[in-house]
Structure formats: structure tokens, C-alpha cells
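Heads up, the thing below is written out as C-alpha cells.
The values are calculated or read from the model by the stated rules, or taken from the named source; none is laboratory data. Because the structure is a prediction, the values reported are computed rather than measured. Here the Cβ positions follow ideal geometry from the backbone for every residue, glycine too, while neighbour counts run over all protein chains shown.
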Amino acid sequence: MPKRKIVRINEELCNGCGKCVTPCAEGAIKIVNGKAKVIREELCDGAGFCLAVCPVGALTIEEREAAAFSEKAVEEHLKKQPKAEGPVIKCFQCDANEMDVAIFAVRMKGESRWVCAHCVPSLIHG
Ligand code: SF4
């Protein structure tokens, strides 16, 4: 198996809050027995969009031997998933939710937050 970048979850730090589930577009992370898990290596592309939302710093990217990322596996996996899984994400500034507007994860003042597309400019320009 070749080495590649993949998400690592520190189970001692993970509190099972589930905030990392929604940002994973591939559906690679699930909460299993109260802890986040990468359920299948081939679903994790190692992009790390989940990292910013973890409130306890349990998520990192590591380079190790792992099954290759597979877009085909992701496509098949996502077809089997229910549409809205996990909590609806809201913008910390205006309370808009992900059903109405694109939401992005940001790190601010040492905290992970969600911000909507409408409020991003005010964060950038003040
Ligand atoms: S966001 Fe962090 S603490 Fe919450 S479930 Fe994911 S890894 Fe665990």
C-alpha cells in the first residue's frame, strides 16, 4: 500500500460532538460509539476540511500507508446516504443556515466557527 495523506482522529481528545461529520463532502467520517471515525480509508481524500471545525483539536493530517482515495467509492457511498445527516449548520454572525446559503468553516481567536457567504466579506474587510 502506498503512503498518502489521510485524516487522523485522536480518540482520547474526541468528545463525539459530530461537528466534523458535515464538512466532509465524501461522508468519510461518522460517529461510532461516541467517537469520530474515518469509516473507510478510500473515502478520505486527506483534504482536511474537517480540521478547522473540531473544537478540541482531535483532527490532524498524517502521512501513512492507506488504501488509495477512490472517487468511485465516494460516489457509491454518497448514493446510499440520507440527505441531511447531522445538525443544520448556522452562521455565527447572522444565523443563516446551510439550507439557504453556503457555509464555511473558519478559525477565529482560537475557536472554530461557521460563517455564511454573506458574512465572509465583513470578516475579511472588517
Ligand atoms: S469535531 Fe472533533 S471532537 Fe467533535 S466528533 Fe469530530 S473529532 Fe470528535
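Restricting to the range 72-96, name every residue that is surrounded by 11 or more Cβ atoms within 10 Å (Cβ to Cβ) and acidic (Asp, Glu).
GLU76, GLU85
Could you tell me whether ALA36 is at pLDDT 95 or above and more than 12 Å from ILE6 (Cα to Cα)?
Details: at pLDDT 95 or above: yes; more than 12 Å from ILE6 (Cα to Cα): yes.
Yes; evaluated as a whole, the condition is true for this residue.
How many residues are under 11 Å from GLN93 (Cβ atoms) and basic (Lys, Arg) when one looks only at the range 106-123?
1
In this structure, does VAL101 turn out to be in contact (Cβ under 8 Å) with a residue 40 or more places away in the chain and either surrounded by fewer than 11 Cβ atoms within 10 Å (Cβ to Cβ) or farther than 18 Å from ARG8 by Cβ (or both)?
no
If you check every pair at least six apart or on different chains, which have Cβ atoms under 6 Å apart with a residue in the range 45-61 that is in contact (Cβ under 8 Å) with a residue 60 or more places away in the chain first and a residue that is small (Gly, Ala, Ser) and more than 6 Å from the ligand (Cβ to nearest atom) second?
ALA52/ALA105; ALA52/SER112; VAL53/ALA105; VAL53/SER112
Of all residues in the range 2-24 being hydrophobic (A, V, I, L, M, F, W, C) and in a strand (DSSP E or B), which is farthest from the ligand (Cβ to nearest atom)?
At the first step, the residues of the range 2-24 found to be hydrophobic (A, V, I, L, M, F, W, C) are 6-7, 9, 13-14, 17, 20-21, 24.
Checking which are in a strand (DSSP E or B) leaves us with 6-7, 9.
Details: ILE6: 14, VAL7: 9, ILE9: 5 Å.
That would be ILE6.
Scan GLY57, GLY27 and give me the residue that is under 12 Å from the mean Cα position of the chain (by Cα), more than 7 Å from the ligand (Cβ to nearest atom) and at pLDDT below 95.
Values: GLY57 fails: under 12 Å from the mean Cα position of the chain (by Cα).
Selected residue: GLY27, the only one of GLY57, GLY27 that is under 12 Å from the mean Cα position of the chain (by Cα), more than 7 Å from the ligand (Cβ to nearest atom) and at pLDDT below 95.
Of the residues GLY48, GLY34, which single one is among the small types (Gly, Ala, Ser), under 16 Å from the mean Cα position of the chain (by Cα) and within 15 Å of the ligand (Cβ to nearest atom)?
One residue alone meets the criteria, GLY48.
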